[in-house]
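Data block below; observations after.
Just so it is clear, none of the values below were taken in a lab; they were calculated from the coordinates. As the structure is a prediction and not an experimental result, all values here were calculated from the model. Glycine also receives a Cβ, built like all others from the backbone with ideal geometry; neighbour counts cover every protein chain displayed.
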Amino acid sequence: MPLASNFFSRPWVRWAAIAIVVVAVLAVPLGFSEYTNQNLARIGVFAVAVLGLNVVMGYTGQVSLGQIFFVGVGAYVTAYGATHGWNIIVVLVASTIVPGVIGLLVALAAARLGGLAIAMVTIALPIIGVPLAKRLSDYTGGSEGVSASFSNAPGWSGLYNDQWQLYMVIVVGGAVFLLTRNLVRGKYGRAFAIVKSNEAVAASMGISPYRYKVMAFTVASLIGGVSGFLYMAVIQFTSPETMTFSHSITLLASMVIGGSASIVGSLLGGAYYVLVPQWTNSINPNLTELLQGAILLLTLFLFPGGLVTLAREITQRVRRPNRHSSGPEQQHTSAAEAVSSHGEAEQDPTVTGISTERQHKS
Amino acid sequence: MTLLELESVTAFYGPVQVLDAVSLSVPEGGAVGILGANGAGKTTTLRAISGTVRAGGRIMFDGVDIRGKRPEQVAAMGVAHVPEGRGSFGALTVRENLRIGAYLRRDRKGVESDIELLLELFPNLRDRYKAHASSMSGGEQQMLAVARAFMAKPRLLLLDEASLGLAPSTATTVYDAIAKLRRESGIAMLVVEQNANLAFHIVDSATVLETGRNVLTGTSAELKGMDEVRRAYLGG
Amino acid sequence: MGQFIQLVIDGLSNGSIYAVLALAIVLVNQATGMVNFAQGGMAVLAAYLTWWMTEHGLPLLLAILLSVLVSFVVGGLLERFVIRRFERGDPDTAVVVTIGLLTLITGICGWLWSYNNKQFPSLFSLHTVNIFGAAVSFRSIGTFLVIVAIMLALQALFLGTRFGLALRAVAINPDSAALSGLPVGRLLMAGWGLAAALGAVAGALVAPQLTLTPGMMDEALVYALAAVILGGLSSPIGVVLAAWMIGVLENLAAVYVDFIGHDLSVAVPFFLIFVVLIVRPQGLFGRKAVVRV
């Protein structure tokens, strides 16, 4: 339908479409039930967490099994700040900076090591994090965890708590998504992609793999911290249980299934993280793990790029029914693609299928 | 007696056609060259023979149609392919590389004496016998790759761009050694080379490929005499 | 002094558990180039199978042997049908696939046999022997000896046999291996099959001590991976020594270093990895990969 793609490539149409979407999104909390709003808010929380993981793993290709650790730290810092009466902006900043600093330190040390070693170091984070959280009970409330409620709707807003919290998630999460989108679309994103595809090539181009790995990892931990802040806002309780290794794996699976190296994929990943365990538990709790493993494997077999690639294929077929999709070699053309899904970052076409040899990691 | 016969062989990489009716034949004990510029389809021709790439047309080895056979099966029939880029087992030692070459053989004594023979021919390999292949220079790795192929005692040796990435003197050394091996063993060879001068060291005849088709075929003497060949491939 | 010896002995015993998993991981890596996060899960599944057979009256040794055989076959099939298509691609995707496999296998165990602990019969008796003032059980000794035997067998396999060489060649360069006539597909399956069989032995050795649950090997897996990194991906002896070292140091640190204590002793292997890798990136016993560009 060539007429339709011409229509969508006009600038005013794009802006109008974005405006409509924004208004619709802002109206959502007012329209849905408390239960739905809470679920949506949780999805937002974990979408941010998955986004962080995507920055270091999806875009830069470094396996990180420690993202949930930063979420946990962010949540703990938020709880501490909230229970000590800090200003909420200060709390937000602290819950972002503290995990960010930890992430930076870990990255500075670990980024020099090979792939498997990095994975091990990131595994260490939740594994050591849990007993550490129990140990530092003065700050963390030990095994029992800590609650904090600072996200109740203020009187002047006339909103219910769940609506207020969802707005918080939308505003803060939305800001993070936008900033990240700009990051990965810009020159840093391109550097990440080159480091991911071939470090030797990156180095020869003057792009230091070490530097960009550290950057990606730090950004991921910063974003994880924000996710932790939102986590406390929505769930209002955290404990060592928040950052277990098994949650780490579920987060990884969510990223892969939602779509690695994709902004929209991170949203889908958040939805997966929240909704699928609810669903599988309702069928049969004993079946939960089995189903999750099966879904992850099926996704890797059928849509290695995640569900977001499925969504892309469908929207492409709809817009151009005559065009065959020729897989990863397909050259993405023109403005029509740019409009295609609001805010989605495309996988760099030069990255897919570049090297036919196996990359040997030491 | 014709050992290898290619008739109108075609091959595709995805939707792109790389070989378009390539034909050639190699007699028992003979040596034929495949010349041409980059991208002409020379490497793909060898891959079609060794089974690494699927092809159409006819590929007859020793009277048997080997199209569609897996590389392991083609190798077992007596075809040794020295791939472009050497294909060494980097993390294995020279000794281990040679032993892998002899994987299909059962004659222990024969293998030992062949190793000796090859180390005589390639003294560098003897010096680096216990070293890892990845720590060797390009020329040494090329010699190792050729030696590895010879360890299989093949009837046909497919040699792909043996001079690639080598300094001219090293490339000449390698080709001299290969020529000597040919004289002593009588193995048939199919040699892909961009540098026609080097190829003519070894081959009796050659075919020139351009965009997947034969454009010239003849004996070495004939080809060396042709102006086009001289200009395009022999440096005028 | 007695406590020290006891801690060391216990540490060696724990370390043996990590060692046997680490050996399986090394085997799969040497044979297919991948790091298999599901190794522990496969061992657990084999252990459940063994347990199930003993519950139906089979003698323990026979049950173990049968599950070793079944594991060999299942391992080969897994390689062929699940893992094969990811072997040539991005190694990190391969890791995620094995993580998915781990989740699936653990889930299967949980679904078939529930998440409650089950008691697993012990191959060796629990009688103890006195060594330098420490009480050592026959089970510990037996486990230790089995592992040493396996380690030596693997070392011999890789370095001394044609088959071992073929396994390594296929992992290093499958295309060249095919051109030399190696049956690549069959060798890949054999590699996974052997590792799975090894895992079955591991599972049977540790289940009595850890009690059988789907997540039984999760912690051991992390330690095993640490041992693999420390010991070097290419060295069976190296990873076993590393695993023992981790087991012993962890125990000693838990008792002698106050601020670590038992709960944080899990930090010890990671700290070790860090220190060692900064000094020697290829691990304590691994070979340095020199790549001429």
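Observations
- Subset of B:K42/B:K130; B:K180/B:K224; B:K109/B:K130 violating a 30 Å alpha-carbon distance limit: B:K42/B:K130
- Within 10 Å of the Cβ of each residue in A:289-302, the mean number of Cβ atoms contributed by other protein chains is 6.
- Axial C-alpha extent at least 18 Å, average Kyte-Doolittle at least -1.0 - helices from chain A (DSSP): A:11-31, A:34-53, A:67-83, A:88-110, A:115-135, A:209-235, A:245-258, A:263-283, A:288-302, A:307-319
- For the peptides C:247-258, B:175-186, residues were scored by their other Cβ atoms within 10 Å and the scores averaged per peptide; the highest-first order is C:247-258, B:175-186.
- Label sites at A:Y160 and B:E184, each approximated as a point 7 angstrom past Cα along Cα to Cβ, lie 9.0 nm apart.
- For A:A294 and A:L310, the difference between the fully extended length at 0.36 nm per residue and the C-alpha to C-alpha distance is 4.0 nm.
- Gyration tensor (alpha-carbon) shape descriptor, region A:1-153, a/c threshold 1.5: oblate
- Computed [θ] at 222 nm, deg cm²/dmol, chain B (DSSP H ≥ 4; -39,500 (n - 2.57); rounded to nearest 500): -11500 deg cm²/dmol
- Spin-label zone in region A:203-235 - amide nitrogen under 18 Å from a point set 7 Å from the Cα of A:N281 along the C-beta vector: A:231-232, A:234-235
- In region B:2-233, the alpha-carbon atoms span a convex hull of 116 Å³ per residue.
- Average beta-carbon neighbours from other chains, 10 Å sphere, peptide C:104-116: 4
- Cβ-based net charge around A:P131, under 14 Å, with every Lys or Arg adding one and every Asp or Glu removing one: -2
- Based on the Stokes-Einstein relation at 37 °C and a viscosity of 0.692 mPa s, and on the Kirkwood radius from alpha carbon pairs, chain A is assigned a translational diffusion coefficient of 154 µm²/s.
- Under 15 Å, Cβ to Cβ, from C:V255 - net charge with Lys/Arg +1 and Asp/Glu -1: -4
- When C:L165, A:L132 are sorted by how many other C-beta atoms sit within 10 angstrom of their C-beta, beginning with the fewest, the order is A:L132, C:L165.
- Peptide B:30-39 shows a mean partner chain C-beta count of 0 within 10 Å per residue C-beta.
- Helix-only mean residue ellipticity at 222 nm for chain C, each DSSP H run of n ≥ 4 adding -39500 (n - 2.57), per residue, nearest 500: -24000 deg cm²/dmol
- Under 20 Å, Cα to Cα: Lys pairs in region A:22-361, sequence gap 8 or more or different chains: 5
- Mean ellipticity per residue at 222 nm, deg cm²/dmol - from DSSP H runs of n ≥ 4 across chain A, formula -39500 (n - 2.57): -22000 deg cm²/dmol
- Kirkwood analysis of the Cα pair distances in chain C returns a hydrodynamic radius of 19.5 Å.
- Share of pairwise Cα separations in region A:179-269, more than 16 Å, in percent: 65
- A simple spin-label model places the labels of C:L66 and C:L112 1.3 nm from each other, with each point 7 Å out along Cα-to-Cβ.
- A:I97 paired with C:F138, simple spin-label distance in nm, labels 7 Å along Cα-to-beta-carbon: 6.4
- Counted by neighbouring Cβ atoms within 10 Å, the residues B:R47, C:R85 run from fewest to most as C:R85, B:R47.
- Amide proton proximity set for B:L216, modelled H, under 5 Å, gap of 5+: B:V208
- The Cβ shell under 11 Å around B:A162 holds other residues with a net charge of -3, Lys and Arg each +1, Asp and Glu each -1.
- Shape of region C:137-293, Cα gyration tensor, a/c cut at 1.5: oblate
- Kyte-Doolittle at least -1.0, axis length at least 18 Å by Cα - qualifying DSSP helices, chain C: C:2-32, C:39-55, C:60-78, C:91-113, C:138-160, C:184-210, C:218-231, C:236-256, C:267-279
- Fewest-first ordering of C:I25, A:I18 by other beta carbons within 10 Å of each residue's beta carbon gives A:I18, C:I25.
- C-alpha long axis of helix B:138-151 to longest principal axis of chain B, angle in °: 90
- Residues listed by number, region C:1-26, amide nitrogen under 18 Å from C:Y256 label point at 7 Å toward C-beta: C:1-15
- Overall form of the protein assembly as shown: oblate. Here a/c, set by the Cα gyration tensor axes a ≥ b ≥ c, is 1.5 or more, and a/b is not larger than b/c.
- The fraction of all Cα pairs in region B:1-127 landing in successive 10 Å bins from 0 to the largest distance is 11, 35, 32, 19, 3, given as whole percents.
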